[in-house]
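Remarks on the structure that follows.
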Amino acid sequence: MDKKTSTKFIVSFMAALVAISLVLAWVMSRNYLKDSSKERKRIAELIKSIDEGQFTPDVNRGQRAYTQFCMRCHGAEGKGSASAPPLVGSPALAAKNEVLIKVLLHGMRGKIERGGRTYDMVMPGFKMIPANDLAHVANYIRNKFSQNKAVVTHKNVLEVQLKSVERNKAWTPEELGLTSKE
Ligand code: HEC
């Protein structure tokens, strides 16, 4: 191959690569949009079908979910550990329902100061847990570890889920307004 032919070859090869990646990106984004619109429809239908008046916080279900999913990091008494902040006195429990639900659904990552210690870790999200169980666990931790006794309902959780259907990473404390010290 002379120099001109090989330059031509390289240029067409690069162009082909760019074209292939564009097509791939297009296909992937279409699948992604289809998935999230299906999920949005599913949640919207659930919201319509539930009767909010029927929801009563269930301490036992809340405790069961807490023991299963949260205790290993936050401790049975919500005092936290080297790898997770205390829930006792947490501003996330004092915050409005939406903030607490967002933490439970998608987790949290970033620097916070709680109880005189600095944490800069990752909490995983729990959107795979049924929404009503997330509501029970939210009520359980508020009742046990916080002065804020406002009830989180099944519907509250679904509504936040619907709003944040495309969220696929943990929230930062800044996004949630949780940077302030305890
Ligand atoms: C793998 C350990 C781990 C598990 C399991 C876990 N968390 Fe967390 N959680 C953390 C960490 C770490 C943070 C702080 C993240 C940071 O540093 O930004 C946190 C933050 C929080 C906050 C915000 C605290 C604040 O003061 O801002 C709440 C509320 C919370 N978790 C509740 C829960 C609940 C409820 C569960 C169970 C459904 C749970 N966590 C499960 C590690 C965990």
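The values are calculated or read from the model by the stated rules, or taken from the named source; none is laboratory data. All figures in this text were calculated on a predicted structure; none of them were measured in a lab. Every residue, glycine among them, receives a Cβ derived from its backbone with ideal geometry; neighbour counts consider all protein chains shown.
Taking the criterion of being within 10 Å of the ligand (Cβ to nearest atom), more than 13 Å from Leu178 (Cβ to Cβ), in the same structural domain as Leu158 (by TED's automatic domain parsing) and part of a strand (DSSP E or B), would at least one residue in the stretch 111-119 satisfy it?
Checked against the condition, which is being within 10 Å of the ligand (Cβ to nearest atom), more than 13 Å from Leu178 (Cβ to Cβ), in the same structural domain as Leu158 (by TED's automatic domain parsing) and part of a strand (DSSP E or B), the stretch 111-119 yields at least one hit.
Of the residues that sit in the stretch 82-110 and are out of contact with any Leu (no Cβ under 9 Å at 6 or more places or on another chain) and in a loop (DSSP other than H, G, I, E, B), which one is farthest from the ligand (Cβ to nearest atom)?
Ranking the qualifying residues of the stretch 82-110, first place goes to Lys96.
Yes or no, residue by residue, for (1) surrounded by fewer than 21 Cβ atoms within 10 Å (Cβ to Cβ); (2) among the basic types (Lys, Arg); (3) over 14 Å from the mean Cα position of the chain (by Cα):
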{"site": "Thr67", "(1), (2), (3)": "yes, no, yes"}
{"site": "Ser83", "(1), (2), (3)": "yes, no, yes"}
{"site": "Gly89", "(1), (2), (3)": "yes, no, yes"}
{"site": "Ala92", "(1), (2), (3)": "no, no, no"}
{"site": "His106", "(1), (2), (3)": "no, no, no"}
{"site": "Arg109", "(1), (2), (3)": "yes, yes, no"}
{"site": "Tyr119", "(1), (2), (3)": "yes, no, yes"}
{"site": "Ala131", "(1), (2), (3)": "no, no, no"}
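Being under 14 Å from Ala170 (Cα atoms) and aromatic (Phe, Trp, Tyr) is the filter here, so list the residues in the stretch 78-126 that pass it.
Phe126
Run down Thr172, Thr153 and say which single residue is of a type in the set (Val, Ile, Thr) and either within 11 Å of the ligand (Cβ to nearest atom) or at pLDDT below 95 (or both).
On the way: Thr153 fails: either within 11 Å of the ligand (Cβ to nearest atom) or at pLDDT below 95 (or both).
After applying the criteria, what remains is Thr172.
Filtering the stretch 69-81 down to residues that are at pLDDT 95 or above, near the ligand (Cβ under 10 Å from one of its atoms) and not aliphatic (A, V, I, L, M), which residue is surrounded by the most Cβ atoms within 10 Å (Cβ to Cβ)? If you could, list the steps in order and put the result at the bottom.
Narrowing the stretch 69-81 to residues at pLDDT 95 or above: 69-80.
After this cut, where a residue has to be near the ligand (Cβ under 10 Å from one of its atoms) as well, the list is 69-74, 78, 80.
Keeping just the survivors that are not aliphatic (A, V, I, L, M) gives 69-70, 72-74, 78, 80.
Working: Phe69: 18, Cys70: 20, Arg72: 12, Cys73: 16, His74: 23, Gly78: 21, Gly80: 19.
The selected residue is His74.
Which one of the conditions (1) without any contact (Cβ under 8 Å) to a residue 12 or more places away in the chain; (2) over 20 Å from Met71 (Cα atoms) does Val151 fail to meet, given that it meets all the rest?
Every listed condition holds for Val151 apart from (1).
Considering each of Val160, Val165 in turn, give the residue that is farther than 24 Å from Gln63 by Cβ and in contact with a helix residue (DSSP H, G or I) (Cβ under 8 Å, 6 or more places away or on another chain).
Values: Val160 fails: farther than 24 Å from Gln63 by Cβ.
Criteria check complete, one pass: Val165.
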